[in-house]
Amino acid sequence: MPSTSLTDHVEALLADEAPLPIVFAGDPVLRRPAEPYDGQLPDALLDRLVEAMRRTMHAAPGVGLAAPQIGLPLRIAVIEDAATVPDEVREARGRTPQPFRVLVNPVYEDAGGRQVAFYEGCLSVPGYQAVAARHERVRLRALDERGRAVDEEVTGWPARIVQHETDHLNGTLYLDRAELRSLSHTLTQEAVERWAQPTPALAAKELGFALPGQD
């Protein structure tokens, strides 16, 4: 059943067509488990919220956005990835294009028994990237925006996106899973290019950290 106070809050948030403000690390909403979505918003308002999240994700730009990142403690996330990267990066990271989709109340579990580590960033932690080890393959269970069940296996970079966004809904930032010795700022092109290789092997060697499968 729709919640009046939440509805009013979302209506105010969507008062104009501009991208929504993104909440940054340090805000408590990013550190609290979000509430399961159970029809708290009228369908038409949910559609507007999803579209606003999509615009905000594109404008940032990013490949995923969770509701807590715009200050809403609801278990809703959107993902989309054009995967416009060099072929060697696409092959090394398993980065394949992902159409726009909405994940409601998503959960994931390991489905492959192997972890892989790559640099990743976060719209709520701007200016930095770090290497995080994640499951290479996961089983994703969720609902879409119409309440239809999603139950599938996801692998490669799409699995990383699913894990990253679902973690947001649990109050977890990617830095909680990151190798902090890999932390690098992205404020200059030189810094970006330094670790832009398909894998973080060079970064691990130069910065002194181990990757999964290394002693």
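Key figures for this structure:
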read-out	value
Among 44, 191, 34: highest mean-square fluctuation, GNM of the chain, C-alpha pairs under 10 Å	44
Using θ = phi - 60° and Karplus 6.51 cos²θ - 1.76 cosθ + 1.60, couplings along region 72-84 (whole Hz; Gly, Pro as x)	9, x, 10, 7, 9, 9, 10, 9, 5, 9, 6, 6, 7
Contact order relative to length of the chain, as percent, for alpha carbon pairs under 8 angstrom and 6 or more apart	20 percent
Per principal axis, descending, Cα span of the chain in whole Å	54, 36, 30
222 nm mean residue ellipticity, helices alone, for the chain (DSSP H n ≥ 4; -39,500 (n - 2.57); rounded to 500)	-8500 deg cm²/dmol
Cβ-derived FRET efficiency at R0 41 Å, residue 45 paired with residue 183, nearest 0.05	0.60
Table column - 3J(HN,Hα) (Hz), region 125-133, Karplus curve with 6.51, -1.76, 1.60, x for Gly and Pro	10, x, x, 9, 9, 8, 7, 10, 8
5 angstrom amide H check on residue 37, placed H, neighbours 5+ away	75, 105
Separation in nanometres of the label points that stand 7 Å from Cα toward Cβ, at residue 107 and residue 155	2.5 nm
For region 5-51, accessible area per residue (1.4 Å probe, heavy atoms of protein chains only), Å²	60 Å²
For region 63-69, 3J(HN,Hα) per residue [Karplus equation, 6.51 cos²θ - 1.76 cosθ + 1.60, θ = phi - 60°, Hz, x = Gly/Pro]	10, x, 8, 9, 3, x, 6
Amide H contacts under 5 Å for residue 98, placed H, 5+ residues apart	81, 82, 83
Computed lengthening from residue 89 to residue 13, 0.36 nm per intervening residue step minus Cα-Cα distance	23.6 nm
Interchain or long-range residues, amide H under 5 Å from residue 182's placed H	131
Heavy-atom accessible area per residue - region 132-215, 1.4 Å, Å²	53 Å²
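The values are calculated or read from the model by the stated rules, or taken from the named source; none is laboratory data. Everything quoted here is computed from the prediction, not taken from an experiment. Cβ: placed from backbone, ideal geometry, glycine included. Neighbour counts: every protein chain shown. What goes into the accessible areas is simple: the full protein's heavy atoms, side chains included, and nothing from ligands, DNA or RNA. Shrake-Rupley method; radii C 1.70, N 1.55, O 1.52, S 1.80 Å.
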